[in-house]
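Asker: Below are the structure tokens for one structure; questions will follow.
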Amino acid sequence: MIELWNGLLKAVELIVTLDPEVMEIAGRSLRISVTSAILASLICVPLASIIHFRQFRGKRFLINLIQTFYSVPTVAIGLFVFVFISRAGPLGWLGLLFSPAAIVIGQMLLVTPILLGLVISALRGVDITLIDTARSLGASSFQTTLVVLREARFAVMVAIIMAFGRAISEVGISLMIGGNIRGYTRVITTAISLETSKGDLELSIALGIILISIALVVNIVLNRIQQR
Amino acid sequence: MKISARNVIRGKVKKVVHGAVNSEVIISLSGGDEITSIITKISAQNLGLTEGKDVYAVIKASNVMIAID
Amino acid sequence: MALIETIDMWQRRDGRDILRNINLRIERGEVFALIGPTGAGKTTLLRLIDLLDEPTSGKIYFNGVDTAESPAVRLGVRRRMAFVLQKPVVFNLSVYDNIAYALRWRGMRGSKLREKVEHIIDVVGLSDYHGRNARNLSGGEVQRVAIARAIALEPEVLLLDEPTANLDPLSAARIEELISSIIRQYATTIIMATHDLLQGQRLADRVGVLMDGELLQAGSARDVFASPRNKEVAEFVGVENIIDGVITSSEDKIVTIESQGRSIEAISDYLIGEKVCACIRPEDITLSLTRISSSARNFFEGEITWLVDVGPLTRVEIQCGFPLVALVTKRSAEEMKLARGQSIFVSFKATAVHVTKLQKHKIKNMERRII
């Protein structure tokens, strides 16, 4: 108990004094996960619009499949990406294994189902008369899509932030294909798991507090958006 | 004659012109003005409308238009 | 050439005919009101005209161009029209952006856009609401934004679906005022749907009666009111005296209609044996206390069942084999001491009777009727 208490005090000290190592790890974590969330959004928002507005065979099945993958285990994605980018894998020549880029790719895959699913339901939430209104005012089908996306902008933002939250809190992918290399691919979650197993609780707790703070901020932002 | 029509105007038949279905009856009033009425030919015959006969022109108030110069 | 012409247009949904054989011509600059009860198919017809939906069969020509040609043609034509939906929704944006949106789609930018939007906001009287989110406006204000959004596009055709149906009486009156000022100022072709036939009469040059998916009659409001094509139309336009009967004799266009043991004389082309109804305007019925000999072909004895004053007039309901409503001046009613239960004589001229078909006008599939 004393040990935990001391660890907590030390951890607060690390944060307050802006300890270079803590800040470096937290900064990298944020950079990687923000990048993953943004890149995934750039792909998923248009893709979700296409799925939503187009009528095609197997649409329901596809949406069900997407929802099934909401809770895909991170280690499964880690394994999947590992197989592709390991030296012997089909994309091995890119030399991506154990790089921040590899983590970004893994996290993008991880958040794709959530993003697609949430954006599709955001678009579904838009009043159908709005589409008629846009068309009746002379919008082309592309312009109509933009109208609907703009109308659903808060819900779409929620989806992106949820995706970011999922990305920054995962550990399996960062560990398996990032490799937890100090000063290169070490992120908050991998650092916590390593330092804890080494018995260095201070750093773990400090990073834990930061991670929880990020989660808190994300939540506050989400609530703010959803209230609009 | 107790009738709801507000305008019951006395006059004399000046002229009757029979058409195929309707008859045009021109009634001259004491002041020299004329009123023209279109009624069915049968009615004109039934009422025995001939020149000089005393008649009333009956016009409902809601059917009177008013104009000014 | 008509600006808009629909030819043999049908719309079927879920095995039901929503619209049947619509042949409608709208001339440029005309204000046309589609009147009919709720569910008659007015919205469906407006949506087809705005090319939001495609008809099951039939053609729509815009300025002589077949609109089924290609999606590009449809978009091009749709951009020359603007449609204010029945329950308009506004974009979750400011009033300004709501109006500017569709102008931007057409490539308008900068000061030209700004001036245009400001002007329109002024026209519809929303200057104080400029930056306000349109979602927070009242029903009447939302309707104004919707109309502003539409007229900002300077459409060749403005389509309005029940523009005042969901508003309180005061807002409705203001919107109607706005519409009539648009009619005066812009001389746009307007097609509006309304279940309120008086509104149609007030605003439109021509009305079309749409009932149960069929365009039963079109013409000036006066014509439709004075000579409804069949009983349904007569009832819808509020003709008060509609008496069902059968023609039993016809001589030189003067027909006798038998109803409830009484005969009504009228002028009509219908033939012996046809089931018809006689429509008589209450203003054309004269009452008397005694039997009078007059030129009026129709003279019946009856009993007063109800009396009520309406402004300077008195509405008298009479049972004379069939029920009749007469309108007389209040002064006459007083002088004649009219009272309930009193026996009375009614008379009306044969020419005051409008004879119309009792049965619904059935349109044969192949028959082409352009209204």
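The values are calculated or read from the model by the stated rules, or taken from the named source; none is laboratory data. All values reported here derive from a predicted model rather than from experimental measurement. Every residue, glycine among them, receives a Cβ derived from its backbone with ideal geometry; neighbour counts consider all protein chains shown.
Asker: Please work out which one of (1) under 30 Å from C:GLY219 (Cα atoms); (2) more than 9 Å from chain B (Cβ to nearest Cβ); (3) assigned to a loop (DSSP other than H, G, I, E, B) is the condition C:GLY321 fails and give its number.
Answerer: Failing condition for C:GLY321: (1).
Asker: Here's another thing I want to ask about it. For the stretch B:20-36, which positions are facing another protein chain (nearest Cβ under 10 Å) and either surrounded by 10 or more Cβ atoms within 10 Å (Cβ to Cβ) or farther than 29 Å from C:ASP269 by Cα (or both)? Quick ask: steps written out before the conclusion?
Answerer: Filtering the stretch B:20-36 down to residues facing another protein chain (nearest Cβ under 10 Å) leaves B:20-23, B:25.
Result: B:VAL21, B:ASN22, B:SER23, B:VAL25.
Asker: What's the number of the only condition in (1) under 26 Å from A:ARG31 (Cβ atoms); (2) modelled with pLDDT under 95 that A:PHE164 fails to meet?
Answerer: (2)
Asker: Consider only pairs whose beta carbons are under 7 Å apart and that are at least six residues apart or on different chains; among these, list those whose first residue lies in the stretch C:105-129 and is within 14 Å of chain A (Cβ to nearest Cβ) and whose second residue is small (Gly, Ala, Ser).
Answerer: C:TRP105/A:GLY138; C:TRP105/A:ALA139; C:ARG106/A:GLY138; C:VAL117/C:ALA100; C:VAL117/C:ALA152; C:ILE120/C:ALA148; C:ILE120/C:ALA152
Asker: Just give me the residues in the stretch C:1-35 being more than 15 Å from C:MET81 (Cα to Cα) and of a type in the set (Lys, Arg), in sequence order.
Answerer: The answer is C:ARG12, C:ARG13, C:ARG16, C:ARG20, C:ARG25.
Asker: Still on this structure, please answer the following. Among the residues of the stretch B:42-60, which ones are crowded, with 17+ Cβ neighbours inside 10 Å and in a helix (DSSP H, G or I)?
Answerer: B:ILE42, B:SER43, B:ALA44
Asker: Which of (1) away from chain B (no Cβ under 11 Å); (2) in contact with a helix residue (DSSP H, G or I) (Cβ under 9 Å, 6 or more places away or on another chain); (3) surrounded by fewer than 19 Cβ atoms within 10 Å (Cβ to Cβ) is the odd one out, the single condition C:CYS279 does not satisfy?
Answerer: (3)
Asker: Every residue in the stretch C:238-269 that is over 17 Å from C:SER347 (Cα atoms), under 26 Å from the mean Cα position of the chain (by Cα), away from chain B (no Cβ under 12 Å) and buried (at least 19 other Cβ atoms within 10 Å of the Cβ), please.
Answerer: Listed by number, the list holds a single entry, C:VAL239.
Asker: Tell me, please, whether a residue that is more than 21 Å from the chain's Cα centre (by Cα) and surrounded by fewer than 14 Cβ atoms within 10 Å (Cβ to Cβ) can be found in the stretch C:35-51.
Answerer: Step one: filter the stretch C:35-51 for residues more than 21 Å from the chain's Cα centre (by Cα), giving C:51.
Pick out the ones that are also surrounded by fewer than 14 Cβ atoms within 10 Å (Cβ to Cβ) and you get none.
The answer is no; no qualifying residue exists.
Asker: Hey, which of the strands (runs of 3 or more DSSP E) in the stretch C:252-317, taking only ones fully inside, have at least 3 residues that are more than 26 Å from B:ASP54 (Cβ to Cβ) and touching a Gly at 6+ places or on another chain (Cβ under 8 Å)?
Answerer: On the way: elements: C:254-259, C:262-267, C:275-280, C:286-288, C:298-310.
Result: C:254-259, C:275-280, C:298-310.
Asker: Do we have any residue at all in the stretch B:37-45 that's more than 10 Å from chain C (Cβ to nearest Cβ) and free of Cβ contacts under 8 Å to residues at least 24 places away in the same chain?
Answerer: Taking the stretch B:37-45 as the starting set, the residues that turn out to be more than 10 Å from chain C (Cβ to nearest Cβ) are B:45.
Then drop every residue that is not free of Cβ contacts under 8 Å to residues at least 24 places away in the same chain, which leaves B:45.
Looking for residues that are more than 10 Å from chain C (Cβ to nearest Cβ) and free of Cβ contacts under 8 Å to residues at least 24 places away in the same chain, one finds at least one in the stretch B:37-45, hence yes.
Asker: Answer yes or no as to whether A:ASP132 is within 14 Å of another protein chain (Cβ to nearest Cβ), among the acidic types (Asp, Glu) and surrounded by fewer than 16 Cβ atoms within 10 Å (Cβ to Cβ).
Answerer: Numbers: within 14 Å of another protein chain (Cβ to nearest Cβ): yes; among the acidic types (Asp, Glu): yes; surrounded by fewer than 16 Cβ atoms within 10 Å (Cβ to Cβ): no.
When the stated conditions are applied, A:ASP132 does not pass them.
Asker: Regarding the stretch A:157-165, can at least one residue be identified that is out of contact with any Lys or Arg (no Cβ under 6 Å at 6 or more places or on another chain), within 14 Å of another protein chain (Cβ to nearest Cβ) and either under 15 Å from A:SER36 (Cα atoms) or crowded, with 20+ Cβ neighbours inside 10 Å (or both)? Step through it out loud before you land on a result.
Answerer: So in the stretch A:157-165, the residues out of contact with any Lys or Arg (no Cβ under 6 Å at 6 or more places or on another chain) come out as A:157-165.
The next check asks that each one be within 14 Å of another protein chain (Cβ to nearest Cβ); those that pass are A:157.
In the following step, the residues that additionally are either under 15 Å from A:SER36 (Cα atoms) or crowded, with 20+ Cβ neighbours inside 10 Å (or both) were identified as A:157.
Within the stretch A:157-165, one or more residues are out of contact with any Lys or Arg (no Cβ under 6 Å at 6 or more places or on another chain), within 14 Å of another protein chain (Cβ to nearest Cβ) and either under 15 Å from A:SER36 (Cα atoms) or crowded, with 20+ Cβ neighbours inside 10 Å (or both).
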